[in-house]
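Chemist: Quick one: this structure, given as structure tokens, is what I'll be asking you about.
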Amino acid sequence: MTEPVTALSEALFNQLQKETFVLLHTTDAEHGSPTSSAISWIYAATPTTLRFAVDGRSRLVANMSANPDVCVTVFSSGTVQAVYGPAKVISDSLEGVPFKLVCLEIEITNIRDAMFYGARLSVTPEYEKTYDKRAAEKLDGQVFEAMKKA
């Protein structure tokens with residue numbers, strides 16, 4: 001059996017230095033069922049650590065408090081990567097951000113290629129902010145700077 005991959009590749013690490021669309025999978029605290037949420041405030045603090053922010057009122061915070069094991073699906077060049085590890089709160093409130101965001105960190109325990117056999121991802125998912133572009137850029141900058149300092 002091969003050793004698990006526990007560090008991001010250089011390409012994946014570089015991709016996660018800027019805002020990236022990912023799916024965060026948690027276990028629902030109330031029902032015990034799997035959940036998926038799209039997030040973009042995530043970055044690689046180190047090749048073995050992901051850091052992300054969510055609204056402090058989000059159900060995700062309760063989910064990860066009850067069961068810290070999470071998976072982050074990253075759509076990368078040509079493939080899909082599943083990144084696993086426990087999430088822990090590192091800040092209950094991010095300084096310099098105009099509303100309460102909780103900052104969490106994942107210590108990576110395993111990374112695996114999650115693309116089905118015989119296929120290649122031809123285009124990575126794209127999204128656009130549906131509110132004021134300048135306000136979005138300002139908020140994104142505040143959140144990423146605060147996460148780096150957390």
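Since every read-out is calculated from the coordinates, none of them should be taken as a lab result. These figures come from a predicted structure and were not determined experimentally. So basically every Cβ, Gly included, is an ideal-geometry build from the backbone, and we count neighbours across all protein chains shown.
Chemist: Taking amide H positions as placed 1.01 Å from N in the peptide plane, with prolines and chain starts having none, which residues 5 or more places from Leu121, or on another chain, fall under 5 Å of its amide H?
Modeler: Sorted by chain and number, the residues that satisfy this are Gly78, Thr79.
Chemist: Apply the Karplus parameterisation 6.51 cos²θ - 1.76 cosθ + 1.60, with θ equal to phi minus 60°, to every residue of region 142-149 and state each ³J(HN,Hα) to the nearest whole Hz, in sequence, with x for glycine and proline.
Modeler: Result, rounded to whole Hz: 4, 5, 5, 5, 5, 5, 5, 8.
Chemist: In sequence order, what are the phi-derived ³J(HN,Hα) couplings for region 60-67 according to the Karplus relation 6.51 cos²θ - 1.76 cosθ + 1.60 with θ = phi - 60°, rounded to whole Hz, with x for glycine and proline?
Modeler: Result, rounded to whole Hz: 4, 4, 5, 4, 6, 5, 6, 9.
Chemist: Taking region 24-128, which GluC sites (Glu not before Pro) meet the DSSP loop condition and have no more than 12 other C-beta atoms within 10 Å?
Modeler: Values: sites: Glu30, Glu95, Glu105, Glu107, Glu126, Glu128; in loops: Glu30, Glu95, Glu126, Glu128.
Hits after loop and neighbour filter: Glu30, Glu95, Glu126, Glu128.
Chemist: Can you list the residues, at least 5 places off or on another chain, whose amide H is less than 5 Å from the amide H of Thr109, using H built in the peptide plane?
Modeler: Amide H neighbours of Thr109, under 5 Å, 5+ apart: Tyr84, Gly85.
Chemist: Using the Karplus equation 6.51 cos²θ - 1.76 cosθ + 1.60 (θ = phi - 60°), what ³J(HN,Hα) coupling, rounded to whole Hz, does each residue of region 31-47 give in order, writing x for Gly and Pro?
Modeler: 9, x, 8, x, 9, 9, 9, 7, 9, 9, 8, 9, 8, 8, 6, 9, x
Chemist: Then there is this: Give the range of the longest stretch in the chain that excludes all trypsin sites (Lys or Arg not before Pro) found in loop regions by DSSP and having at most 14 other beta-carbon atoms within 10 Å.
Modeler: The longest uninterrupted stretch comes out as 58-99.
Chemist: Turning to a different aspect of this structure: At a temperature of 25 °C and a viscosity of 0.890 mPa s, determine how fast region 94-150 diffuses translationally according to Stokes-Einstein, using the Kirkwood radius over alpha-carbon pairs as Rh; express D in µm²/s, rounded to the nearest whole number.
Modeler: The Stokes-Einstein estimate is 165 µm²/s.
Chemist: What does the helix-only formula give at 222 nm for the chain: each DSSP H stretch with n ≥ 4 adding -39500 (n - 2.57), the total divided by the residues, and the result rounded to the nearest 500 deg cm²/dmol? Before the final figure, lay out the partial values.
Modeler: Numbers: 3 runs with 31 residues, N = 150.
The helix contribution divided over the chain gives -6000 deg cm²/dmol.
Chemist: Would you kindly work out the equivalent ellipsoid of the chain from its C-alpha gyration tensor and give its semi-axes, the square roots of five times the eigenvalues, largest first in whole Å? Walk me through the numbers before you get to the answer.
Modeler: Numbers: eigenvalues 115, 74, 46 Å².
With the √(5λ) rule applied to the chain, the semi-axes are 24, 19, 15 Å.
Chemist: If we count other beta carbons within 10 Å of each Cβ, what is the order of Thr2, Thr130, Thr27, Thr46, fewest first?
Modeler: Values: Thr2 4, Thr130 7, Thr27 16, Thr46 13.
Ranked by crowding around the Cβ, least crowded first: Thr2, Thr130, Thr46, Thr27.
Chemist: Would you mind ranking Val97, Val5, Val143 by Cβ crowding within 10 Å, fewest neighbours first? Don't skip to the end; give the middle numbers.
Modeler: Numbers: Val97 18, Val5 15, Val143 22.
Ranking Val97, Val5, Val143 by Cβ neighbours within 10 Å, fewest first, gives Val5, Val97, Val143.
Chemist: Then there's this: For an R0 of 30 angstrom, estimate the FRET efficiency from the Cβ-Cβ distance between Arg120 and Thr27 and round to the nearest 0.05. Can you show the working numbers first?
Modeler: Numbers: r = 30 Å, r/R0 = 1.02.
E(calc), rounded to 0.05, equals 0.50.
Chemist: Collect residues whose amide H, placed 1.01 Å from N in the peptide plane, falls under 5 Å from the amide H of Cys71; neighbours closer than 5 in sequence don't count.
Modeler: Placed amide hydrogens put His25 under 5 Å from Cys71.
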